Amino acid sequence: MLVTLKDGSKLEVDKGTTVYDVASGISEGLARVAAAGEIDGELVDLRTELTDDCDLNIITTKDPKALEVIRHTASHVMAEAVQNLFPDAKVAIGPSIDTGFYYDFDHAPFSREDLDAIEAEMKRIIKKGNPLERFIMPRDEAIEYMKERNEDYKVELIQDLPEDAVISFYKQGDFIDLCAGPHLMNTKGIKAYKLTSSSGAYWRGDENRPMLSRIYGTAYDNKEDLKEHLKRMEEAREKDHNRLGREMELFTTVDVIGQGLPLILPKGTIMLQELQRWIEDLEDNEWGYIRTRTPLFAKSDLYKISGHWDHYKEGMFVMGDEEKDREVFALRPMTCPFQYYVYKNRQHSYRELPLRYSETSTLFRNEDSGEMHGLTRVRQFTITEGHLIVRPDQMVEEFKGCLALVKHCLETLGLESDVTYHLSRWDPENPDKYEGEAEVWEQTEASIRQVLTELDIDFVEDVGEAAFYGPKVDINTRNVYGKDDTMITIQWDALMAERFDMYYVDEKGDKVRPYMIHRTSIGCYERTLAWIIEKYGGLFPTWLCPEQVRVLPISEKFMDYAESVNAKLKKNGIRSSVDMRAEKIGYKIRDSRMNRVPYMVIIGAKEEEEKKISVRSRYLGDEGQKDLDTFIDEITKEIREKTIREIEVEE
RNA sequence: GCUGCUGUAGCUCAGUCGGUAGAGCACUUCAUUGGUAAUGAAGAGGUUCGGCAGUUCAAGUCUGCUCAGCAGCUCCA
């Protein structure tokens, strides 16, 4: 049997040789730092026996790929520690994840003190340095084995595996866990770890099943990396829009107003309004959209036609009592049916299509009480929503246009690099959940795939994520905690026109159902603002800054002068202000957050001193030193150039 | 909706066995003017401790309910 190593060298080994044997054969040092193997690109346990010719790569603990193995092993060590300290705790599952690992236990919630105790116990276990041993059992035997040990959750897991499955276990010391691996050879390989938090989590992610106690932790090959990671998490938290946005007075919440109902404060409003004016002008002037303004609520009748009354009533704010009142209303959770009736206002010719309706649309969704979060999950939000009514033959081209518009918006905001594109497909295994023929679904998905490819967009495909009426493209980003949020969605809809009896008249004079695209350009404003806050950490591009220029007179005698500079800047459409405190503090800039203002005009300071204060400040100097009007023109021009929505990249 | 944590001055927080509100920053006034993350001194600031009940001679502190915020789960047209 021939094994090809990473450096291209070939090794003749016997069948049944393990990855670890190969590593040992190369050198003892390599065996010591080996964490896992990679056979033909697939991560495997060191204990894996080689059965065929293959490419083999020994993954050492220095390799980022080893993290997964280290963390998985750390989760086992944690489980052992928990069972040592809390013998009645039953183990459920404990995988490695992007940022570390977790393990779920059937046990009362763990406190921070518990976590500290568990950490200490882990230290003891790791110090013992027990080897991890792998052994296998037939399925039935494995079930009995776990039943004896009273591990009900493990029994259930094994029962869900195929009849003929060979069940593998790992054992370190007295601790035995059902596990597919891969794992380190010895617990000593866990050099640095930290238990970060605990919380509840449903067994198998099902809200109808018991709630278990989950402990999150992270582990690394060395202490420096762990420290670095914890520092990064700390820094990320500082960019959290929910903290920063409140601190910067962009928004707030009030207990008596209610959950998921943020108040956008004056500074936040400036930003949202900048975004809105930009998007509306862009869509209407350059992308052929026409604007509508439709009611924020409607009678239940509308939602009965759209299907929301049957399928989404829980998510809507209903006004009135169906039993008592003749008419019952509901606040709208989306704009679709309203814009359909805009279209249905009169008969349309095929020559008019495509019609691209857009609306700055406020929506209301009655989210569950535990779901609300800052500006990203709210009960009332405003979205750049729109529906394109198109002929089937225009569909691909228009869908492409929607994506191109989104791409343009993201690039302008400097967010393009942060997103992932998803083709949300139907689930062929589950056709009942969707309307329409399999053939049509496949065809449509192929069309979208082609559009994405033509636009040179990288994307992943998610099966079972489509809307019931058609596939869609979802554009996601990650928040500072690494959680995915959908920012933008563009949906292909060849079905709803039927439901709402929409048609156009084709060249032969026949009535034909149009296709529709549900789409947004930058998603909902609140969520997009949150995203921008986190992306820029509060240091916004100039055009979005609530305050673009701050005028700082160094002493009282420059106050009037400062006021006149401020007034002229404002007249030129620049958002500026005078810092009244400046006369007292001289030219010492005390406010560490001052750098959130892109431009500072220092009045009265000597030029070399001004430079020390801020790299971005502009020096005006004593009255008469420089012509005021010329100065105002210069700075206005400079800011204007950055206000035409070009991205200002600051280091 | 579920699990856990939190809610005291504008902000960040302390408040020990229930005994009747505290610090730093910010703010105001005065002094100072070369102090580039914080000049010195003085002062003001809580309808009293998210809200409503209850226990008690006495509740920020204990109990119940409730509202809101946070983390996670679940959900997310």
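The values are calculated or read from the model by the stated rules, or taken from the named source; none is laboratory data. As the structure is a prediction and not an experimental result, all values here were calculated from the model. Don't worry about glycine lacking a Cβ; one is built from the backbone with ideal geometry, like all the others, and counts go over all protein chains shown. To get the accessible areas, we keep the full protein, side chains included, count just its heavy atoms, and leave off ligands, DNA and RNA. Shrake-Rupley method; radii C 1.70, N 1.55, O 1.52, S 1.80 Å.
Listed by chain and number, the lysines whose C-alpha is less than 20 Å from the C-alpha of A:Lys304, apart from same-chain residues fewer than 8 away, are A:Lys313, A:Lys324, A:Lys344, A:Lys433.
Figure legend: label point modelled 7 angstrom from the Cα of A:Gln450 along Cα→Cβ; residues of the range A:394-411 with amide N under 19 Å from it are A:394-404. In order along the range A:343-360, phi translates into HN-Hα couplings of 5, 6, 3, 8, 6, 10, 8, 4, 5, 7, 7, x, 9, 10, 8, 9, 8, 7 Hz, rounded to whole numbers, per the Karplus curve 6.51 cos²θ - 1.76 cosθ + 1.60 with θ = phi - 60° and x for Gly and Pro.
Compute the FRET efficiency between A:Val505 and A:Val460 as 1/(1 + (r/R0)^6), taking r as their Cβ-Cβ distance and R0 = 41 Å, and round to the nearest 0.05. Efficiency, from the Cβ-Cβ distance: 0.50. On C-alpha positions alone, give me the angle between the axis of helix A:66-85 and the longest principal axis of chain A, in degrees, nearest 10. In chain A, helix A:66-85 runs at an angle near 70 degrees to the longest axis. This model, with +1 at the C-beta of Lys and Arg and -1 at the C-beta of Asp and Glu, gives chain A a dipole about its Cα centre of some 2500 debye. Bridge orientation summary for chain A: considering DSSP beta bridges with both residues in this region, about 80 percent are antiparallel. Protection proxy ranking, highest mean first, for peptides A:514-521, A:8-15, A:196-203, A:569-576: A:514-521, A:569-576, A:196-203, A:8-15, where packing is the per-residue count of other beta-carbon atoms within 10 Å, averaged.
Taking amide H as placed 1.01 Å from N in the peptide plane, A:Thr17 has its amide H under 5 Å from the amide H of A:Leu50, each at least 5 places away in sequence or on another chain. For chain A, the solvent-accessible area of protein heavy atoms averages 50 Å² per residue (probe radius 1.4 Å; ligands and nucleic acids excluded).
Put the Cα centre of the range A:59-75 next to the Cα centre of the range A:172-193 and the gap is 11 Å.
Computed on protein heavy atoms with a 1.4 Å probe, the accessible areas place A:Ser27, A:Ser417, A:Ser168 in the order A:Ser417, A:Ser27, A:Ser168, largest first.
Backbone geometry of the range A:398-413 corresponds, through the Karplus equation with coefficients 6.51, -1.76 and 1.60 at θ = phi - 60°, to 3J(HN,Hα) couplings of 5, 4, 5, x, 4, 5, 5, 5, 4, 4, 4, 4, 5, 5, 4, 7 Hz, x marking Gly and Pro.
For the range A:212-319, applying the loop criterion from DSSP together with a ceiling of 10 other beta carbons within 10 Å to the trypsin sites (Lys or Arg not before Pro) yields A:Arg293.
Working note: Karplus 6.51/-1.76/1.60 with θ = phi - 60° gives the range A:163-168 the couplings 3, 8, 5, 9, 9, 9 Hz, where Gly and Pro are set to x.
Close amide-amide hydrogen proximity is noted between A:Leu375 and no other residue 5 or more places distant or on a separate chain, at a cut-off under 5 Å (H modeled in the peptide plane; Pro and chain starts excluded). Would you please state which residues of the range A:350-385 a label at A:Gln443 would reach in this model, taking the label point 7 Å out along Cα→Cβ and a backbone N cut-off of under 14 Å? In the range A:350-385, the label zone of A:Gln443 (backbone N under 14 Å from the point 7 Å along Cα→Cβ) covers no residue.
Rounded, prolate or oblate: which fits the range A:183-258 when a ≥ b ≥ c are the square roots of the eigenvalues of the alpha-carbon gyration tensor, with rounded for a/c under 1.5 and prolate only if a/b beats b/c? In terms of gyration-tensor shape, oblate. Straight Cα distances below 23 angstrom link A:Lys570 to the lysines A:Lys267, A:Lys557, A:Lys626, A:Lys637, A:Lys642, with same-chain residues fewer than 8 positions distant left out. Relative to the dominant Cα principal axis of chain A, helix A:559-571 is inclined by about 90°. Binning all Cα-Cα separations of chain A at 20 Å, short to long from zero, yields these whole-percent fractions: 15, 36, 35, 14, 1. Surface composition of chain A: carbon plus sulfur atoms contribute 47% of the solvent-accessible area (1.4 Å probe, protein chains only, all chains present).
Here the spin labels are modelled as points 7 Å beyond Cα on the Cα-Cβ line, and at A:Asn150 and A:Asp281 they lie 7.1 nm apart. Its relative contact order, with pairs defined as Cα atoms under 8 Å and 6+ residues apart, puts chain A at 9 percent. Each of A:Thr630 and A:Thr362 was given a label point 7 Å from its Cα along the Cα-to-Cβ line. The distance between the two points is 5.0 nm.
Cα-based radius of gyration for the range A:297-393, normalised by 2.2 N^0.38 Å, reads 1.27. Shape verdict for the range A:164-291, please, from the Cα gyration tensor: rounded (a/c under 1.5), prolate (a/b greater than b/c) or oblate. Prolate, since a/c reaches 1.5 and a/b exceeds b/c.
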